[in-house]
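Just so it is clear, none of the values below were taken in a lab; they were calculated from the coordinates. Nothing here was measured: the structure is a model prediction, and the numbers come from that model. Heads up, the Cβs are rebuilt from the backbone with ideal geometry, glycines too, and the neighbour counts pull from every protein chain shown.
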Amino acid sequence: MTSAQHETHRTPAFPSRLPNVGTTIFTTMSALAAEHQAVNLGQGFPDFGCDPRLVDAVTAAMQAGHNQYPPMTGLAPLREAVAAKIEALYGRRYDAATDITITAGATQAILTAILATVHPGDEVIVLDPCYDSYVPNIELAGGVAVRVPLTPGTFKPDFARIAAAITPRTRLLIINSPHNPSATVWSDADMRALEALLAPTDVLLISDEVYEHMVYDGQQHQSAARFEGLAARAFIISSFGKTYHVTGWKVGTVAAPAALTAEFRKVHQFNVFTVNTPMQMGLAQYMRDPAPYLQLPAFYQAKRDLFCEGLAGSRLKLLPTAGTYFVCADISQVSDLGEAAFCQWLVRTHGVAAIPLSAFYGDGFDQRVVRFCFAKQDATLREAVQRLRRL
């Protein structure tokens, strides 16, 4: 083949939709952890199995022939179970037919809500540090991400700064409580302050509540569903993967008023159409028993305490963990390295993987804090503690 002929078969060049996105820190650190046979406390997923009854329920659904397309909105029994759970926990009744949609995980739910509401040039406020899908999602919709930092050190929302960031072009605000990566939880007062702030505006809300069942020390999760003024403008997003230890199943939920849900479903039907049937059937069956999610706070609090008590008196200064299955640690007494370099050094020299908090900031803000995940078997956590105590 001549060079001229070869030239006609080149792959056409085109401008990237996400020119600033490379390999994520989670992928990098997990690969490094595997290479060094490290204890992986980086990426947020359990290293233990789910309840065998849940697998049995899905298996039974497959064997009973529930293997074709379900309704676009999700199976009615599962939507009804989700609506009943929200009402029991948070006191708001969502109509299963018009207000609840089953999604292919929470990440798809967030992207779909953004694509359904954000027009090119619209502004979307995100609170840094934030989950890494938010900003690329906004950019894919043609929106402009407006980053407002949570208060350094405490990670509390700064309502004066949020208010100052709202303009006539603000379409949407994204909040996340319990919060990844800081493990903080918004209080009733925080939610009421947000409700008052948004009341005179037409700003919509995405409330990312995937860690709703991981709130500790007797505190209650303050869902946006509890607050009339927030619920009226909110897409409330949750995750079966997080709640039932099945992150690989990628099944989530969105609760929103009928008018918002109608727009959400227009996009949902064309980006995934629907979500696999037997898992929806199995989840609907399994949800008849509320004990698994009601007992989850105590389950994870025990793991948090095992990990934190094991590191008490070490040179890592652990920050409070009010929710999620993460704990953050100040590394300033351990090393002079920046967060990202410290995480790489930690894997190579001590065989434990963590994630730098700077990865969750748009500007890479480095406050010498790293994040560990404690959604692990007790033996895994004890091994990690043993290694970290050598720091």
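Quick rundown of the values:
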{"read-out": "FRET efficiency for Asp305 and Ala259, using Cβ-Cβ distance with R0 set to 45 Å, rounded to 0.05", "value": "0.55"}
{"read-out": "Residue-averaged [θ]222 nm for the chain, counting only DSSP H segments that reach four residues, each worth -39500 (n - 2.57)", "value": "-11500 deg cm²/dmol"}
{"read-out": "Selection of chymotrypsin sites (Phe, Trp or Tyr not before Pro), the stretch 173-233, meeting DSSP coil and at most 12 other Cβ within 10 Å", "value": "none"}
{"read-out": "Spacing of the two label points (7 Å from each Cα toward its C-beta) at Gln367 and Gln269, in nm", "value": "4.4"}
{"read-out": "The chain - convex hull of the alpha-carbon atoms, volume per residue in Å³", "value": "178"}
{"read-out": "Karplus (6.51, -1.76, 1.60) ³J(HN,Hα), θ = phi - 60°, over the stretch 229-246, in Hz, Gly and Pro reported as x", "value": "x, 7, 4, 5, 10, 10, 9, 9, 10, 9, 9, 5, x, 5, 6, 10, 6, 10"}
{"read-out": "Over the chain, relative contact order from alpha-carbon pairs under 8 Å, at least 6 apart, %", "value": "24"}
{"read-out": "Per-residue ³J(HN,Hα) for the stretch 99-107, Karplus 6.51 cos²θ - 1.76 cosθ + 1.60, θ = phi - 60°, Hz, x for Gly and Pro", "value": "10, 10, 10, 8, 10, 7, x, 5, 5"}
{"read-out": "For the chain, built as a Gaussian network whose Cα springs stay under 10 Å, the top-fluctuating residue of Pro71, Pro168, Pro356", "value": "Pro168"}
{"read-out": "DSSP loop trypsin sites (Lys or Arg not before Pro) with at most 13 other Cβ within 10 Å excluded, longest remaining stretch of the chain", "value": "170-287"}
{"read-out": "Under Karplus coefficients 6.51, -1.76 and 1.60, residue-wise ³J(HN,Hα) of the stretch 146-156 in Hz, glycine/proline x", "value": "10, 8, 10, x, 5, 5, x, x, 9, 6, 7"}
{"read-out": "Considering only the chain, percent of DSSP beta bridges that pair antiparallel, nearest 5", "value": "45"}
{"read-out": "FRET efficiency, 1/(1 + (r/R0)^6) with R0 56 Å, evaluated for Thr167 and Asp378 via beta carbons", "value": "0.70"}
{"read-out": "Sorted by Cβ density within 10 Å, fewest first, the residues Thr112, Thr247", "value": "Thr247, Thr112"}
{"read-out": "Gyration tensor (alpha-carbon) shape descriptor, the stretch 37-130, a/c threshold 1.5", "value": "oblate"}
{"read-out": "Neighbour-limited loop hits for chymotrypsin sites (Phe, Trp or Tyr not before Pro), the stretch 46-129 (at most 15 other Cβ within 10 Å; DSSP other than H, G, I, E, B)", "value": "Phe48"}
{"read-out": "Between the stretch 142-196 and the stretch 338-377, the alpha-carbon center distance in angstrom", "value": "23"}
{"read-out": "Label-point separation, Ser332 to Lys156 (7 Å along Cα→Cβ), nm", "value": "1.9"}
{"read-out": "Lys pairs, the chain - Cα-Cα below 16 angstrom, 8 or more residues apart or on other chains", "value": "5"}
{"read-out": "GNM result for the chain, Cα springs below 10 Å: residue of Val58, Val185, Val370 fluctuating most strongly", "value": "Val58"}
{"read-out": "Additional length obtainable on full extension of the chain from Arg315 to Gln219, 0.36 nm per residue less Cα span", "value": "31.7 nm"}
{"read-out": "Alpha carbon centroid spacing (whole Å) that separates the stretch 52-96 from the stretch 253-303", "value": "7"}
{"read-out": "Label-point separation in nm, Thr27 to Ala291, each point 7 Å along Cα→Cβ", "value": "4.2"}
